[in-house]
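Peer 1: Sharing a structure with you now.
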Amino acid sequence: MIEEVSDRLRGLIESKKRFLITTHIDPDGDALGSVFSLSIAFENSGKEVVVYLKDRVPYRYQFLPKPSLVVHGLPDGTFDAIFVLDAGNLFRVGDGYERLREMGTIVNIDHHKTNEMFGLINIVDEKASSTAELIYKIFRNLSIPINREMAINIYTGVMTDTGSFRYENTNSEAFLICEEMVRLGVNPSYVGRMVYENHPVERLRLMAMVFSTLENIINGKIAMVHVTEEMLKKANSSKEYTDGFVEQLKETGSLDVAVLLREISKNKYKVSMRSKGNVDVADICSVFGGGGHKNAAGCVIEGTLEEVRQKLKKEFLKIR
Ligand code: 5GP
Ligand code: MN
């Protein structure tokens, strides 16, 4: 995959100077680890790099080494290339995504099976554990040196997207890459503590509220919980505090699918789904214009809470 496009990519990187690097809204560890490691690599080789993140960096990823220029508004002007990482489509980049095509050559690097191949160069491999794995392979393929700062980012990307090496996307490459990153100076217990054991106490209060919304479980297999803007306010929390809730719901042995509905605005909900085994939640989310991976996917659905629940239930009842 990477070998096929590596000459074009090498040509682009070596002959050009000014790059924009971006990823999806609500960035996770893989999105940020991929963006930061690539941008640090470019900076180290004397390129001009601007990182555009629509959202701010969640508290649990603030320890990640960053490049010098991270902006939260899409900059003006043009770039020699625009790297869009870990995003299945351009819309997922958030505010300003419509302008990206006119701003420069798009390089799409991703591992979502629903990727829309929107780049001039597309490096998309759904078998990759993470986008960070693809970034690592690009570094090795193009002989780009990996320093400790880049290693921390790559390690975090692989670790978080594999659920700490537990999910079905955990492959031997994930272990090999992380083993190498540890040899380059990454401290796994430090990264683990920053990502998983560094929550504000308000998150605990929010968690209590969210899990108390658990109602009937569909067919004994599918559980839904929800979080409203009012609950966030009451628990003095922000939306990033809900990160990890849906994974926790999935930890219940009898459940095949866990769903978290998060109110974005009145009558609009962000849906996060996680599944075990063969239930393909990317397919279910595609019905609503979303996407993702077989075992982790998302979409946005309009309607009241009850309407959204009913729409989802209708799809869930089709699962065999
Ligand atoms: P999360 O539930 O953590 O937001 O997302 C789970 C997975 O589904 C991630 O890999 C994410 O990129 C993808 N995903 C989430 N929401 C959407 C969406 O609205 N559209 C698409 N195409 N993918 C999504
Ligand atoms: Mn990813």
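Peer 1: Given the criterion within 16 Å of ligand 2 (Cβ to nearest atom), hydrophobic (A, V, I, L, M, F, W, C) and under 12 Å from L20 (Cα atoms), identify the matching residue among L74, L85.
Peer 2: Details: L74 fails: within 16 Å of ligand 2 (Cβ to nearest atom).
Answer to the selection: L85.
Peer 1: Where residues in segment 186-224 are at pLDDT below 95 and polar (S, T, N, Q), which of them is nearest to K318 (Cα to Cα)?
Peer 2: Ranking the qualifying residues of segment 186-224, first place goes to N219.
Peer 1: Separate question: Just to be sure I understand the filter: pairs with C-beta atoms under 6 Å, separated by 6 or more residues or on different chains, first member in segment 38-55 and assigned by TED's automatic domain parsing to the domain that holds H24, second member among the hydroxyl-bearing types (S, T, Y). Which pairs pass?
Peer 2: V49/S39; V51/S39; Y52/T22
Peer 1: Also, quick follow-up: Could you list, ordered by first residue, the pairs with Cβ atoms under 8 Å in which the first is in segment 292-305 and touching a residue at least 60 places away in the same chain (Cβ under 8 Å) and more than 10 Å from ligand 1 (Cβ to nearest atom) and the second is among the basic types (K, R) and not in a strand (DSSP E or B), at least 6 apart or interchain?
Peer 2: K294/K113
Peer 1: Ok, one more. Within segment 57-72, which residues are in a loop (DSSP other than H, G, I, E, B) and within 17 Å of D26 (Cβ to Cβ)?
Peer 2: Restricting attention to segment 57-72, the residues satisfying the condition of being in a loop (DSSP other than H, G, I, E, B) are 57-58, 62-69, 72.
Once the filter is applied, which keeps residues that are in a loop (DSSP other than H, G, I, E, B) and within 17 Å of D26 (Cβ to Cβ), segment 57-72 yields V57, P58, Q62, L64, H72.
Peer 1: Restricted to segment 186-216, and to residues that are among the β-branched types (V, I, T) and over 17 Å from S238 (Cα atoms), which residue is surrounded by the most Cβ atoms within 10 Å (Cβ to Cβ)?
Peer 2: Keep residues of segment 186-216 that are among the β-branched types (V, I, T), which gives 186, 191, 195, 201, 210, 213.
Okay, now just the ones that are also over 17 Å from S238 (Cα atoms), so 186, 191, 213.
Values: V186: 20, V191: 22, T213: 15.
Across segment 186-216, the extreme among qualifying residues is V191.
Peer 1: Also, quick follow-up: Can you say whether E179 is assigned to a loop (DSSP other than H, G, I, E, B) and free of Cβ contacts under 8 Å to residues at least 24 places away in the same chain, as far as the supplied structure shows? Break it down into steps so the answer makes sense when it comes.
Peer 2: On the way: assigned to a loop (DSSP other than H, G, I, E, B): no; free of Cβ contacts under 8 Å to residues at least 24 places away in the same chain: yes.
So E179 fails the test.
Peer 1: Within segment 268-286, can you find the residues that are closer than 16 Å to I218 by Cβ and more than 8 Å from ligand 1 (Cβ to nearest atom)?
Peer 2: Start the filter on segment 268-286 by keeping residues that are closer than 16 Å to I218 by Cβ, which leaves 271, 273-276, 279, 281, 284.
Of everything in segment 268-286, those that are closer than 16 Å to I218 by Cβ and more than 8 Å from ligand 1 (Cβ to nearest atom) turn out to be S275, K276, V279, V281, I284.
Peer 1: Just name the residue that is nearest to L12 (Cα to Cα) out of those in segment 129-170 that are surrounded by fewer than 16 Cβ atoms within 10 Å (Cβ to Cβ) and basic (K, R).
Peer 2: R140
Peer 1: What do you reckon, is S272 free of Cβ contacts under 8 Å to residues at least 60 places away in the same chain and closer than 24 Å to K318 by Cβ?
Peer 2: Details: free of Cβ contacts under 8 Å to residues at least 60 places away in the same chain: yes; closer than 24 Å to K318 by Cβ: yes.
Yes: the conditions hold for S272.
Peer 1: Could you grab the pairs with beta carbons closer than 9 Å, sequence gap of 6+ or different chains, first residue in segment 219-234 and part of a helix (DSSP H, G or I), second one hydrophobic (A, V, I, L, M, F, W, C) and modelled with pLDDT of 95 or more?
Peer 2: Partner pairs satisfying both residue conditions: E229/I264; M231/L206; M231/M209; M231/V210; L232/L206; K234/L206; K234/M209.
Peer 1: The conditions are (1) part of a loop (DSSP other than H, G, I, E, B); (2) out of contact with any Pro (no Cβ under 9 Å at 6 or more places or on another chain); (3) without any contact (Cβ under 8 Å) to a residue 60 or more places away in the chain; (4) charged (D, E, K, R), and K113 fails exactly one of them. Which is it?
Peer 2: So the condition that K113 fails would be (3).
Peer 1: For L100, only one of the following conditions fails: (1) within 15 Å of ligand 1 (Cβ to nearest atom); (2) among the aliphatic types (A, V, I, L, M); (3) over 15 Å from the mean Cα position of the chain (by Cα). What is its number?
Peer 2: Result: L100 passes all but (1).
Peer 1: Select from segment 114-128 the residues that are surrounded by fewer than 22 Cβ atoms within 10 Å (Cβ to Cβ) and within 15 Å of ligand 2 (Cβ to nearest atom) and list them in ascending order.
Peer 2: Across segment 114-128, the qualifying residues are T114, N115, V124, D125, E126, K127.
Peer 1: Tally the residues that are over 15 Å from G192 (Cβ atoms) and within 16 Å of ligand 1 (Cβ to nearest atom), restricting the search to segment 138-173.
Peer 2: Looking only at that region, the number is 4.
The values are calculated or read from the model by the stated rules, or taken from the named source; none is laboratory data. Owing to the predicted nature of the structure, the values given are computational and were not obtained by experimental measurement. Reconstructed Cβ throughout: ideal geometry from the backbone, glycine too, with neighbour counts over all protein chains shown.
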